[in-house]
Amino acid sequence: MSSFIVSARKYRPTRFEEVVGQEHVSQTLKNALQSNHLAHAFLFCGPRGVGKTTCARILAKVLNCQNVTQDFEPCNTCDACQAFNENASFNITELDAASNNSVEHIRALIEQVRFQPQQGKYKVFIIDEVHMLSQQAFNAFLKTLEEPPSYAIFILATTEKHKIIPTILSRCQIYDFKRIQIPRIVQHLQNICQQEGTEAEKEALHIIAQKADGALRDALSIFDRIASFSGKKITYEDVINNLNVLDYDYYFKIIDNLLSEDISQILLTLDDIMAKGFDGDIFINGLAEHLRNILVCKDRATVVLLNVSESLQKKYLEQARLTPSSFLISALDIANNCDINYKTARNKRLHVEMALIKMAFINRAVNASTMAVEVSPEKKSPPSIDQMTSGPATVKEAGKPVVEALAPPIQDPTPSPMPVPEKPVSNPALSTELETMVESSSMYSMPQLKDLSALASEIEKDIDKKEGSGNELSLESLQIAWDKLVEQCDRDTLKHILKQTELKLDGHNISVIVGSSLSENAIRQEASIMDFLRKELTTTEITLSVEIDKSKAPPPPKKKEVLTPKQVYQKMGMTNPLIHEIRKRLDLRPE
């Protein structure tokens with residue numbers, strides 16, 4: 001058997017200054033030792049592999065060290081430190097709560113607390129994964145944890161603080177450990193490589209640090225695995241092959257192809273990625289992370305959020321300079337939707353391919369939307385030949401969502417002549433229809449568009465000249481339109497009001513006579529009445545006014561007559577004489 005020791009144990013810190021990324025905890029414990037304000041119970045909580053148990057062991061070693069340094073670090077040379085390093089110290093007890101979580105184990109621990117330390121000042125109990133204790137074990141531990149002997153100190157460690165009962169939390173001094181930042185992990189791995197005589201590329205160590213997700217122990221385990229494969233030289237290719245990580249170059253290549261709308265190369269690159277064994281969801285999540293990194297690089301102030309090596313950071317900055325922010329935001333949205341719907345997609349590969357195709361046409365759709373905004377909503381000018389031949393997104397389609405406005409490009413559009421009427425027709429809607437056809441068409445040549453625009457303007461002028469002579473209003477035509485309005489009204493209250501009105505016509509002014517202010521308000525608030533009349537009378541020049549004539553008001557309802565029982569009897573007797581006969585036989589008296 002070899003004497004190989006894994007890096008997580010071989011390079012385990014033995015002093016507070018060697019602990020990576022937890023300076024806030026180390027300094028606080030040193031200050032407590034210096035001022036002699038040491039608590040009797042500590043709770044170290046945080047993610048896995050960040051140094052909780054390591055700090056607990058260093059603190060236990062310092063408490064019994066016979067030659068504590070000036071900065072309150074263990075000397076690692078005295079008998080107490082040597083005994084602890086050789087796991088032969090009787091003053092320090094480590095308990096794994098994951099396998100010793102019953103009441104009996106806690107009772108055995110309490111029995112050990114009763115005995116004073118044989119050597120040194122303190123008896124330290126380190127309980128790892130304390131959240132695994134049962135409810136009964138916690139309750140049995142409460143009294144001892146609250147009032148231990150002066151020589152007893154408890155250090156509890158856990159990754160899930162929320163599982164510990166509040167009564168335990170209130171009796172401990174809590175220290176929260178943070179995830180270790182990627183630059184600190186990379187620096188620590190470089191120091192280990194220097195001590196081991198191993199040559200490693202910085203990009204490779206960055207990948208290891210990112211894969212560790214803030215846990216230094218995981219980073220060291222990955223480092224040992226890569227070192228076993230690569231020997232004394234760790235390269236970027238070795239790391240991505242062993243960790244099944246997709247190369248950054250694929251994402252840079254995909255973004256370049258998306259910006260150039262090279263659909264064929266995009267699909268070939270995706271096929272190459274899937275041939276290497278990567279699933280679509282892994283690729284789309286990695287692409288979303290890549291887009292996020294590019295967006296971060298758009299501003300120099302946020303470049304610090306990019307946790308990559310310096311050489312890779314330069315590539316991100318260069319691609320961010322060439323990529324519009326509108327493209328990045330739209331592509332992130334498409335990637336997010338693709339990831340959300342990936343699990344429910346029947347054809348998962350096609351689902352990812354469709355997302356990439358949509359991303360490829362983002363810039364074209366954004367340009368079409370910008371062109372649509374520049375056109376005035378009241379009088380839009382026809383599109384130029386360059387605009388019509390540059391892509392499939394027409395002015396009319398530009399108002400649609402980005403995805404709906406995308407379509408394959410048309411290579412050679414064939415002009416289709418539009419029939420032009422020989423004579424202007426006296427129809428006020430014709431001009432509007434022609435304008436709509438001109439605006440929405442992207443298949444006519446420019447001369448035809450100009451001819452149609454001129455024709456529409458001529459028809460408008462002709463209609464303006466003939467206005468008032470061809471469509472003269474009459475009270476009879478108004479009454480017919482009003483009766484038609486009453487028939488089509490589907491609201492009983494309004495229908496009743498319209499029936500009770502009287503119409504008067506003065507030129508183009510229509511006067512509606514009603515009998516009450518309620519009827520007046522009902523008609524004034526109904527804007528559809530004017531639209532209906534203008535459509536039926538084929539003119540837009542009419543105006544509507546409502547007048548109140550109280551003589552037109554319906555008569556007030558008659559008051560209901562209240563009759564006495566005797567009057568009711570007499571009235572019934574006049575209607576049916578047999579009522580008197582029934583009263584006599586039954587001997588009834590109306591009162």
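The values are calculated or read from the model by the stated rules, or taken from the named source; none is laboratory data. As the structure is a prediction and not an experimental result, all values here were calculated from the model. When we count neighbours, we look across all protein chains shown, and the Cβ atoms used for this are built from the backbone with ideal geometry, even at glycine.
Points worth noting:
- Pairs, first more than 30 Å from ILE226 (Cβ to Cβ) and touching a residue at least 40 places away in the same chain (Cβ under 8 Å) in the stretch 241-267, second crowded, with 16+ Cβ neighbours inside 10 Å and of a type in the set (Asp, Glu), C-beta under 8 Å, six or more apart: LEU267/GLU353
- Residue in the stretch 272-282 that is buried (at least 20 other Cβ atoms within 10 Å of the Cβ), β-branched (Val, Ile, Thr) and over 30 Å from ARG364 (Cβ atoms) present: no
- Any hit, the stretch 523-538, residues being more than 51 Å from the chain's Cα centre (by Cα), at pLDDT 80 or above and not hydroxyl-bearing (Ser, Thr, Tyr): yes
- Identity of the residue in the stretch 248-268, among the β-branched types (Val, Ile, Thr) and crowded, with 17+ Cβ neighbours inside 10 Å, that ends up nearest to ARG349 (Cα to Cα): ILE266
Residues checked against (1) in contact with a Ser or Thr (Cβ under 6 Å, 6 or more places away or on another chain); (2) under 30 Å from ALA140 (Cα atoms); (3) among the hydroxyl-bearing types (Ser, Thr, Tyr):
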residue: ALA8; (1), (2), (3): no, no, no
residue: ALA88; (1), (2), (3): no, yes, no
residue: ILE92; (1), (2), (3): no, yes, no
residue: ASN101; (1), (2), (3): yes, yes, no
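- Residue match in the stretch 204-220 (condition: acidic (Asp, Glu), over 33 Å from the mean Cα position of the chain (by Cα) and farther than 29 Å from LEU328 by Cβ): no
- The listed residue being surrounded by fewer than 18 Cβ atoms within 10 Å (Cβ to Cβ) and within 30 Å of PRO47 (Cβ to Cβ), out of ARG225, ARG217: ARG225
- In this structure, LYS178 does not satisfy being of a type in the set (Lys, Arg) and part of a helix (DSSP H, G or I).
- Subset tally (residues that are at pLDDT 80 or above, among the charged types (D, E, K, R) and not in a strand (DSSP E or B)) for the stretch 496-522: 1
- Number of residues in the stretch 3-23 that are free of Cβ contacts under 8 Å to residues at least 12 places away in the same chain and in a helix (DSSP H, G or I): the value is 4.
- Yes/no for ARG292 being modelled with pLDDT under 90, among the charged types (D, E, K, R) and either surrounded by 19 or more Cβ atoms within 10 Å (Cβ to Cβ) or in a helix (DSSP H, G or I) (or both): no
- Selection status of GLN22, surrounded by 15 or more Cβ atoms within 10 Å (Cβ to Cβ) and under 44 Å from the mean Cα position of the chain (by Cα): yes
- Residue that is farthest from ASP96 (Cα to Cα) [pool: residues in the stretch 30-66 that are touching a residue at least 60 places away in the same chain (Cβ under 8 Å), of a type in the set (A, V, I, L, M) and buried (at least 18 other Cβ atoms within 10 Å of the Cβ)]: LEU63
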